[in-house]
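The values are calculated or read from the model by the stated rules, or taken from the named source; none is laboratory data. This one's a predicted model, so the numbers in the text were calculated from it and none came from an experiment. Quick reminder, even Gly has a Cβ in these numbers, built from the backbone with ideal geometry, and neighbours come from all protein chains shown. For accessibility, only protein heavy atoms count, side chains too; no ligands or nucleic acids. Shrake-Rupley method; radii C 1.70, N 1.55, O 1.52, S 1.80 Å.
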Number of protein chains: 2
Amino acid sequence: MAETAGGEGLLFLTDEQLRKGIEAMFFAYRGFTADPDRILEGMDYGRAHHRAIHFVHRSPGTTVSNLLAILGVTKQSLNRVLRTLIEDGLVRSEKGRVDARERHLFLTEKGLILERELSDAQRARMRAAYRAAGPAAVQGFRQVLEAMMDPEMRKQYNRLKEGG
Amino acid sequence: MAETAGGEGLLFLTDEQLRKGIEAMFFAYRGFTADPDRILEGMDYGRAHHRAIHFVHRSPGTTVSNLLAILGVTKQSLNRVLRTLIEDGLVRSEKGRVDARERHLFLTEKGLILERELSDAQRARMRAAYRAAGPAAVQGFRQVLEAMMDPEMRKQYNRLKEGG
DNA sequence: GAATTTACGTCAGCCTTGTTGACTTTCCAA
DNA sequence: TTGGAAAGTCAACAAGGCTGACGTAAATTC
(Lines give C-alpha, C1' and ligand atoms only; values in the text may rest on other atoms or scores of the structure.)
Protein backbone atom coordinates (compact mmCIF):
# COMPACT_ATOMS: atom_id res chain seq x y z
CA MET A 1 0.00 0.00 0.00
CA ALA A 2 1.39 3.34 -1.03
CA GLU A 3 1.93 5.32 2.14
CA THR A 4 3.08 8.84 2.80
CA ALA A 5 5.29 9.78 5.69
CA GLY A 6 3.39 9.08 8.86
CA GLY A 7 2.10 5.76 7.66
CA GLU A 8 -1.59 6.65 7.90
CA GLY A 9 -2.31 5.39 4.43
CA LEU A 10 -3.27 8.76 3.02
CA LEU A 11 -3.87 7.32 -0.38
CA PHE A 12 -6.67 9.80 -0.92
CA LEU A 13 -4.19 12.66 -0.86
CA THR A 14 -2.08 11.61 -3.82
CA ASP A 15 -1.90 14.02 -6.73
CA GLU A 16 -3.78 11.49 -8.83
CA GLN A 17 -6.66 11.33 -6.36
CA LEU A 18 -6.74 15.10 -6.09
CA ARG A 19 -6.85 15.42 -9.84
CA LYS A 20 -9.79 13.06 -10.00
CA GLY A 21 -11.57 15.20 -7.46
CA ILE A 22 -10.86 18.31 -9.50
CA GLU A 23 -12.26 16.74 -12.64
CA ALA A 24 -15.26 15.38 -10.77
CA MET A 25 -16.04 18.92 -9.61
CA PHE A 26 -15.75 20.21 -13.14
CA PHE A 27 -18.03 17.65 -14.74
CA ALA A 28 -20.50 17.54 -11.88
CA TYR A 29 -20.97 21.29 -11.84
CA ARG A 30 -21.99 21.10 -15.47
CA GLY A 31 -24.71 18.65 -14.54
CA PHE A 32 -25.65 20.75 -11.56
CA THR A 33 -26.47 23.77 -13.71
CA ALA A 34 -27.72 21.93 -16.78
CA ASP A 35 -31.41 21.65 -15.91
CA PRO A 36 -32.02 25.25 -14.83
CA ASP A 37 -29.99 26.43 -17.82
CA ARG A 38 -32.26 24.45 -20.09
CA ILE A 39 -35.39 25.93 -18.51
CA LEU A 40 -34.06 29.47 -18.70
CA GLU A 41 -32.86 29.36 -22.28
CA GLY A 42 -35.56 30.81 -24.43
CA MET A 43 -36.71 33.06 -21.61
CA ASP A 44 -34.67 36.24 -21.44
CA TYR A 45 -32.96 34.95 -18.32
CA GLY A 46 -29.72 33.20 -17.52
CA ARG A 47 -27.81 31.71 -14.66
CA ALA A 48 -27.37 35.07 -13.00
CA HIS A 49 -31.14 35.47 -12.78
CA HIS A 50 -31.46 32.00 -11.34
CA ARG A 51 -28.98 32.80 -8.60
CA ALA A 52 -30.75 36.01 -7.69
CA ILE A 53 -34.12 34.27 -7.62
CA HIS A 54 -32.75 31.45 -5.51
CA PHE A 55 -31.31 33.64 -2.80
CA VAL A 56 -34.23 36.05 -2.69
CA HIS A 57 -36.51 33.07 -2.22
CA ARG A 58 -34.15 31.68 0.37
CA SER A 59 -34.10 34.87 2.43
CA PRO A 60 -37.24 36.88 1.71
CA GLY A 61 -36.80 40.53 2.55
CA THR A 62 -33.05 40.40 2.14
CA THR A 63 -31.36 43.63 1.10
CA VAL A 64 -29.41 44.37 -2.04
CA SER A 65 -26.22 44.61 0.01
CA ASN A 66 -26.84 41.21 1.48
CA LEU A 67 -27.38 39.74 -1.92
CA LEU A 68 -24.19 41.37 -3.18
CA ALA A 69 -22.21 39.75 -0.41
CA ILE A 70 -23.67 36.34 -1.12
CA LEU A 71 -23.37 36.45 -4.88
CA GLY A 72 -19.97 38.09 -4.94
CA VAL A 73 -20.59 40.33 -7.93
CA THR A 74 -20.65 44.09 -8.37
CA LYS A 75 -23.78 46.04 -7.68
CA GLN A 76 -23.88 47.13 -11.31
CA SER A 77 -23.93 43.53 -12.42
CA LEU A 78 -26.56 42.52 -9.89
CA ASN A 79 -28.61 45.60 -10.59
CA ARG A 80 -28.96 44.76 -14.26
CA VAL A 81 -30.32 41.35 -13.37
CA LEU A 82 -32.53 42.62 -10.57
CA ARG A 83 -33.97 45.39 -12.68
CA THR A 84 -35.24 43.02 -15.34
CA LEU A 85 -36.70 40.72 -12.70
CA ILE A 86 -38.51 43.66 -11.09
CA GLU A 87 -39.71 45.01 -14.43
CA ASP A 88 -41.02 41.58 -15.35
CA GLY A 89 -42.83 41.32 -12.06
CA LEU A 90 -40.90 38.40 -10.60
CA VAL A 91 -39.29 40.35 -7.79
CA ARG A 92 -40.74 43.08 -5.60
CA SER A 93 -38.46 45.73 -4.09
CA GLU A 94 -39.64 47.41 -0.93
CA LYS A 95 -38.15 50.45 0.70
CA GLY A 96 -36.91 49.65 4.20
CA ARG A 97 -38.98 50.87 7.18
CA VAL A 98 -36.17 51.00 9.68
CA ASP A 99 -33.58 52.13 7.18
CA ALA A 100 -35.25 53.62 4.16
CA ARG A 101 -32.05 53.50 2.13
CA GLU A 102 -32.25 49.76 2.00
CA ARG A 103 -34.35 47.85 -0.48
CA HIS A 104 -35.90 44.64 0.73
CA LEU A 105 -36.44 42.03 -1.94
CA PHE A 106 -39.25 39.50 -2.25
CA LEU A 107 -40.44 37.10 -4.90
CA THR A 108 -43.89 37.81 -6.29
CA GLU A 109 -46.38 35.07 -7.09
CA LYS A 110 -44.94 34.93 -10.57
CA GLY A 111 -41.42 34.81 -9.19
CA LEU A 112 -42.33 31.97 -6.87
CA ILE A 113 -43.66 29.97 -9.79
CA LEU A 114 -40.42 30.25 -11.74
CA GLU A 115 -38.39 29.59 -8.61
CA ARG A 116 -40.35 26.44 -8.03
CA GLU A 117 -39.83 25.26 -11.56
CA LEU A 118 -36.09 25.86 -11.40
CA SER A 119 -35.52 24.39 -7.98
CA ASP A 120 -37.71 21.38 -8.70
CA ALA A 121 -35.48 20.54 -11.62
CA GLN A 122 -32.29 21.10 -9.68
CA ARG A 123 -33.52 19.21 -6.64
CA ALA A 124 -34.62 16.29 -8.80
CA ARG A 125 -31.09 15.83 -10.02
CA MET A 126 -29.64 16.28 -6.56
CA ARG A 127 -32.15 13.81 -5.15
CA ALA A 128 -31.24 11.22 -7.76
CA ALA A 129 -27.56 11.68 -7.02
CA TYR A 130 -28.12 11.47 -3.26
CA ARG A 131 -30.26 8.39 -3.61
CA ALA A 132 -27.70 6.70 -5.84
CA ALA A 133 -24.83 7.48 -3.48
CA GLY A 134 -26.54 6.91 -0.13
CA PRO A 135 -26.67 8.83 3.16
CA ALA A 136 -23.08 8.23 4.22
CA ALA A 137 -21.78 9.48 0.88
CA VAL A 138 -23.99 12.55 1.16
CA GLN A 139 -22.49 13.43 4.48
CA GLY A 140 -19.00 13.14 3.04
CA PHE A 141 -20.01 15.16 0.03
CA ARG A 142 -21.17 18.02 2.18
CA GLN A 143 -18.13 17.86 4.43
CA VAL A 144 -15.67 18.12 1.55
CA LEU A 145 -17.61 20.91 -0.13
CA GLU A 146 -17.76 22.90 3.06
CA ALA A 147 -14.04 22.50 3.59
CA MET A 148 -13.43 23.70 0.05
CA MET A 149 -15.15 27.06 0.53
CA ASP A 150 -13.36 30.31 1.24
CA PRO A 151 -13.86 31.18 4.91
CA GLU A 152 -15.97 34.18 3.97
CA MET A 153 -18.25 32.04 1.83
CA ARG A 154 -18.44 29.40 4.52
CA LYS A 155 -19.80 32.05 6.83
CA GLN A 156 -22.47 32.96 4.31
CA TYR A 157 -23.28 29.31 3.80
CA ASN A 158 -23.64 28.61 7.51
CA ARG A 159 -25.67 31.75 8.07
CA LEU A 160 -28.11 30.48 5.45
CA LYS A 161 -28.11 27.01 6.94
CA GLU A 162 -29.17 28.28 10.36
CA GLY A 163 -31.42 31.07 9.16
CA GLY A 164 -33.53 28.66 7.13
CA MET B 1 -37.64 10.50 13.20
CA ALA B 2 -39.10 11.83 10.01
CA GLU B 3 -39.38 8.89 7.64
CA THR B 4 -40.54 8.55 4.08
CA ALA B 5 -42.48 5.59 2.82
CA GLY B 6 -40.27 2.56 3.12
CA GLY B 7 -39.07 3.45 6.58
CA GLU B 8 -35.41 3.64 5.67
CA GLY B 9 -35.02 7.00 7.33
CA LEU B 10 -34.30 8.92 4.16
CA LEU B 11 -33.84 12.13 6.06
CA PHE B 12 -31.10 13.12 3.64
CA LEU B 13 -33.62 13.39 0.81
CA THR B 14 -35.77 16.15 2.31
CA ASP B 15 -36.09 19.33 0.29
CA GLU B 16 -34.19 21.13 3.02
CA GLN B 17 -31.26 18.74 2.78
CA LEU B 18 -31.28 18.98 -0.98
CA ARG B 19 -31.27 22.75 -0.82
CA LYS B 20 -28.27 22.68 1.46
CA GLY B 21 -26.50 20.49 -1.04
CA ILE B 22 -27.34 22.90 -3.83
CA GLU B 23 -25.97 25.85 -1.91
CA ALA B 24 -22.90 23.89 -0.87
CA MET B 25 -22.18 23.23 -4.54
CA PHE B 26 -22.58 26.89 -5.36
CA PHE B 27 -20.27 28.20 -2.67
CA ALA B 28 -17.74 25.40 -2.99
CA TYR B 29 -17.38 25.89 -6.73
CA ARG B 30 -16.43 29.46 -6.07
CA GLY B 31 -13.63 28.29 -3.84
CA PHE B 32 -12.69 25.64 -6.33
CA THR B 33 -11.98 28.19 -9.06
CA ALA B 34 -10.76 31.03 -6.86
CA ASP B 35 -7.05 30.23 -6.78
CA PRO B 36 -6.49 29.63 -10.50
CA ASP B 37 -8.63 32.69 -11.24
CA ARG B 38 -6.36 34.76 -9.03
CA ILE B 39 -3.25 33.47 -10.76
CA LEU B 40 -4.67 34.08 -14.22
CA GLU B 41 -5.95 37.57 -13.63
CA GLY B 42 -3.31 39.96 -14.83
CA MET B 43 -2.18 37.49 -17.47
CA ASP B 44 -4.28 37.66 -20.61
CA TYR B 45 -5.88 34.35 -19.69
CA GLY B 46 -9.04 33.25 -17.96
CA ARG B 47 -10.87 30.18 -16.81
CA ALA B 48 -11.34 28.97 -20.36
CA HIS B 49 -7.59 28.89 -20.87
CA HIS B 50 -7.15 27.03 -17.63
CA ARG B 51 -9.59 24.35 -18.72
CA ALA B 52 -7.86 23.90 -22.07
CA ILE B 53 -4.45 23.70 -20.41
CA HIS B 54 -5.72 21.22 -17.86
CA PHE B 55 -7.13 18.78 -20.36
CA VAL B 56 -4.26 19.06 -22.82
CA HIS B 57 -1.91 18.29 -19.96
CA ARG B 58 -4.18 15.49 -18.89
CA SER B 59 -4.24 13.85 -22.31
CA PRO B 60 -1.15 14.91 -24.24
CA GLY B 61 -1.64 14.53 -27.96
CA THR B 62 -5.40 14.79 -27.73
CA THR B 63 -7.17 16.15 -30.78
CA VAL B 64 -9.23 19.30 -31.10
CA SER B 65 -12.39 17.21 -31.53
CA ASN B 66 -11.66 15.37 -28.31
CA LEU B 67 -11.17 18.58 -26.45
CA LEU B 68 -14.42 19.96 -27.84
CA ALA B 69 -16.30 16.94 -26.56
CA ILE B 70 -14.78 17.23 -23.10
CA LEU B 71 -15.19 20.96 -22.72
CA GLY B 72 -18.63 21.13 -24.27
CA VAL B 73 -18.11 24.38 -26.14
CA THR B 74 -18.16 25.31 -29.81
CA LYS B 75 -15.04 25.03 -31.92
CA GLN B 76 -15.10 28.79 -32.46
CA SER B 77 -14.98 29.35 -28.74
CA LEU B 78 -12.26 26.81 -28.15
CA ASN B 79 -10.29 28.02 -31.13
CA ARG B 80 -10.08 31.53 -29.79
CA VAL B 81 -8.55 30.20 -26.60
CA LEU B 82 -6.31 27.67 -28.27
CA ARG B 83 -5.01 30.17 -30.78
CA THR B 84 -3.72 32.51 -28.11
CA LEU B 85 -2.14 29.63 -26.22
CA ILE B 86 -0.37 28.46 -29.37
CA GLU B 87 0.72 31.99 -30.30
CA ASP B 88 2.09 32.49 -26.81
CA GLY B 89 3.99 29.23 -27.02
CA LEU B 90 2.17 27.37 -24.25
CA VAL B 91 0.59 24.79 -26.53
CA ARG B 92 2.02 23.01 -29.55
CA SER B 93 -0.26 21.78 -32.33
CA GLU B 94 0.96 18.87 -34.43
CA LYS B 95 -0.53 17.54 -37.64
CA GLY B 96 -1.61 13.93 -37.27
CA ARG B 97 0.51 11.20 -38.87
CA VAL B 98 -2.23 8.66 -39.25
CA ASP B 99 -4.93 11.19 -40.05
CA ALA B 100 -3.45 14.44 -41.23
CA ARG B 101 -6.72 16.30 -40.75
CA GLU B 102 -6.37 16.01 -37.01
CA ARG B 103 -4.30 18.31 -34.85
CA HIS B 104 -2.66 16.80 -31.82
CA LEU B 105 -2.14 19.12 -28.89
CA PHE B 106 0.69 19.21 -26.39
CA LEU B 107 1.88 21.55 -23.69
CA THR B 108 5.28 23.12 -24.29
CA GLU B 109 7.82 23.63 -21.51
CA LYS B 110 6.30 27.02 -20.92
CA GLY B 111 2.82 25.54 -20.90
CA LEU B 112 3.85 22.90 -18.39
CA ILE B 113 5.16 25.59 -16.06
CA LEU B 114 1.87 27.45 -16.02
CA GLU B 115 -0.08 24.21 -15.73
CA ARG B 116 1.97 23.31 -12.72
CA GLU B 117 1.38 26.64 -11.08
CA LEU B 118 -2.36 26.44 -11.62
CA SER B 119 -2.81 22.84 -10.61
CA ASP B 120 -0.56 23.23 -7.58
CA ALA B 121 -2.85 25.94 -6.31
CA GLN B 122 -5.99 24.01 -7.06
CA ARG B 123 -4.65 20.78 -5.61
CA ALA B 124 -3.53 22.58 -2.47
CA ARG B 125 -7.08 23.63 -1.77
CA MET B 126 -8.43 20.22 -2.64
CA ARG B 127 -5.84 18.58 -0.43
CA ALA B 128 -6.74 20.80 2.49
CA ALA B 129 -10.42 20.01 2.03
CA TYR B 130 -9.74 16.28 1.73
CA ARG B 131 -7.53 16.32 4.78
CA ALA B 132 -10.10 18.20 6.80
CA ALA B 133 -12.92 15.87 5.79
CA GLY B 134 -11.09 12.55 5.86
CA PRO B 135 -10.93 9.55 3.51
CA ALA B 136 -14.48 8.32 4.05
CA ALA B 137 -15.91 11.73 3.28
CA VAL B 138 -13.77 11.92 0.15
CA GLN B 139 -15.22 8.70 -1.13
CA GLY B 140 -18.73 9.99 -0.56
CA PHE B 141 -17.86 13.29 -2.18
CA ARG B 142 -16.74 11.56 -5.35
CA GLN B 143 -19.73 9.22 -5.39
CA VAL B 144 -22.25 12.04 -5.21
CA LEU B 145 -20.44 14.13 -7.81
CA GLU B 146 -20.26 11.24 -10.20
CA ALA B 147 -23.96 10.55 -9.77
CA MET B 148 -24.69 14.21 -10.49
CA MET B 149 -23.05 14.21 -13.91
CA ASP B 150 -24.90 13.88 -17.17
CA PRO B 151 -24.34 10.36 -18.53
CA GLU B 152 -22.34 11.75 -21.43
CA MET B 153 -20.06 13.65 -19.09
CA ARG B 154 -19.72 10.63 -16.83
CA LYS B 155 -18.38 8.71 -19.80
CA GLN B 156 -15.78 11.41 -20.43
CA TYR B 157 -14.89 11.47 -16.76
CA ASN B 158 -14.42 7.72 -16.55
CA ARG B 159 -12.47 7.63 -19.77
CA LEU B 160 -10.06 10.11 -18.23
CA LYS B 161 -9.92 8.18 -14.98
CA GLU B 162 -8.81 4.99 -16.72
CA GLY B 163 -6.68 6.61 -19.41
CA GLY B 164 -4.57 8.38 -16.80
C1' DG C 1 -11.42 8.96 -60.07
C1' DA C 2 -15.18 11.82 -58.50
C1' DA C 3 -18.13 13.07 -54.91
C1' DT C 4 -18.96 13.39 -50.20
C1' DT C 5 -17.78 13.70 -45.46
C1' DT C 6 -14.76 14.91 -41.72
C1' DA C 7 -11.52 17.84 -39.04
C1' DC C 8 -10.06 22.07 -38.47
C1' DG C 9 -9.62 27.04 -38.91
C1' DT C 10 -11.55 31.62 -39.49
C1' DC C 11 -14.49 35.82 -40.17
C1' DA C 12 -18.39 38.38 -38.54
C1' DG C 13 -21.74 39.39 -35.32
C1' DC C 14 -24.51 38.67 -31.27
C1' DC C 15 -25.60 37.77 -26.10
C1' DT C 16 -24.83 37.28 -21.13
C1' DT C 17 -22.48 38.47 -17.39
C1' DG C 18 -18.77 40.06 -15.37
C1' DT C 19 -15.64 44.44 -14.72
C1' DT C 20 -14.26 49.89 -13.64
C1' DG C 21 -15.21 54.62 -13.14
C1' DA C 22 -17.96 58.54 -12.39
C1' DC C 23 -21.96 60.46 -10.71
C1' DT C 24 -26.55 61.29 -8.25
C1' DT C 25 -30.05 60.68 -4.82
C1' DT C 26 -31.53 59.46 -0.47
C1' DC C 27 -31.14 59.40 4.17
C1' DC C 28 -28.99 57.98 8.72
C1' DA C 29 -26.11 59.40 12.41
C1' DA C 30 -22.55 61.88 14.67
C1' DT D 1 -25.71 70.15 9.44
C1' DT D 2 -22.61 67.69 7.34
C1' DG D 3 -20.13 63.36 6.30
C1' DG D 4 -20.65 58.99 4.72
C1' DA D 5 -23.26 54.76 3.69
C1' DA D 6 -26.77 52.55 0.69
C1' DA D 7 -28.73 52.35 -3.50
C1' DG D 8 -29.22 53.27 -8.24
C1' DT D 9 -27.69 54.81 -12.94
C1' DC D 10 -24.91 55.75 -17.19
C1' DA D 11 -21.13 54.53 -20.07
C1' DA D 12 -17.66 51.73 -21.69
C1' DC D 13 -15.32 47.56 -21.94
C1' DA D 14 -13.77 42.40 -21.75
C1' DA D 15 -14.24 37.41 -21.41
C1' DG D 16 -16.28 33.80 -23.15
C1' DG D 17 -20.25 31.71 -24.60
C1' DC D 18 -23.24 31.33 -29.15
C1' DT D 19 -24.80 30.97 -34.48
C1' DG D 20 -23.99 31.14 -39.35
C1' DA D 21 -21.20 31.02 -43.31
C1' DC D 22 -17.22 29.81 -45.64
C1' DG D 23 -12.59 27.65 -46.94
C1' DT D 24 -9.17 23.97 -47.10
C1' DA D 25 -7.10 19.70 -46.74
C1' DA D 26 -7.50 14.96 -46.08
C1' DA D 27 -10.02 10.78 -45.72
C1' DT D 28 -13.70 7.91 -47.13
C1' DT D 29 -17.19 6.23 -50.04
C1' DC D 30 -19.39 5.37 -54.21
- Message: Tell me yes or no: at least one residue of the stretch B:56-64 is closer than 21 Å to residue A:19 by Cα and hydrophobic (A, V, I, L, M, F, W, C).
- Response: yes
- Query: If residue A:69 satisfies every condition in (1) within 14 Å of the chain's Cα centre (by Cα); (2) of a type in the set (A, V, I, L, M); (3) within 8 Å of DNA strand C (Cβ to nearest atom) but one, which is the exception?
  - Reply: (3)
- Query: Does the stretch B:1-11 contain any residue that is open to solvent by 70 Å² or more (accessible area, probe 1.4 Å), away from chain A (no Cβ under 13 Å), under 30 Å from residue B:146 (Cα atoms) and within 14 Å of DNA strand C (Cβ to nearest atom)?
  - Reply: no
- One residue from B:109, B:152, B:117, B:102 being closer than 21 Å to residue B:58 by Cα, in contact with a strand residue (DSSP E or B) (Cβ under 8 Å, 6 or more places away or on another chain) and charged (D, E, K, R): B:102
- Note on the structure: Flagged in the stretch B:99-127 as of a type in the set (A, V, I, L, M, F, W, C) and within 7 Å of chain A (Cβ to nearest Cβ), in numbering order, are B:126
- Task: Give just the number: which of (1) over 30 Å from residue B:155 (Cα atoms); (2) open to solvent by 60 Å² or more (accessible area, probe 1.4 Å); (3) without any contact (Cβ under 8 Å) to a residue 24 or more places away in the chain; (4) within 11 Å of DNA strand D (Cβ to nearest atom) does residue A:41 not satisfy?
- Result: (1)
- Task: Within the stretch A:80-96, track down each residue that is within 12 Å of DNA strand C (Cβ to nearest atom) and either hydroxyl-bearing (Ser, Thr, Tyr) or touching a residue at least 60 places away in the same chain (Cβ under 8 Å) (or both).
- Result: A:84
- Selected residue (only one of B:74, B:33, B:84 is over 20 Å from the mean Cα position of the chain (by Cα) and surrounded by fewer than 20 Cβ atoms within 10 Å (Cβ to Cβ)): B:84
- Every residue from the stretch B:44-66 that is away from DNA strand D (no atom under 11 Å from the Cβ), part of a helix (DSSP H, G or I) and open to solvent by less than 70 Å² (accessible area, probe 1.4 Å): B:53, B:54, B:55, B:56, B:58, B:64
- Message: Take residue B:70 and tell me if it is assigned to a helix (DSSP H, G or I), in contact with a Lys or Arg (Cβ under 9 Å, 6 or more places away or on another chain), within 24 Å of residue A:16 (Cβ to Cβ) and among the β-branched types (Val, Ile, Thr).
- Response: yes
- Within the stretch B:67-105, restricting to residues that are within 8 Å of DNA strand D (Cβ to nearest atom) and aliphatic (A, V, I, L, M), the one that is nearest to residue B:161 (Cα to Cα) is B:71
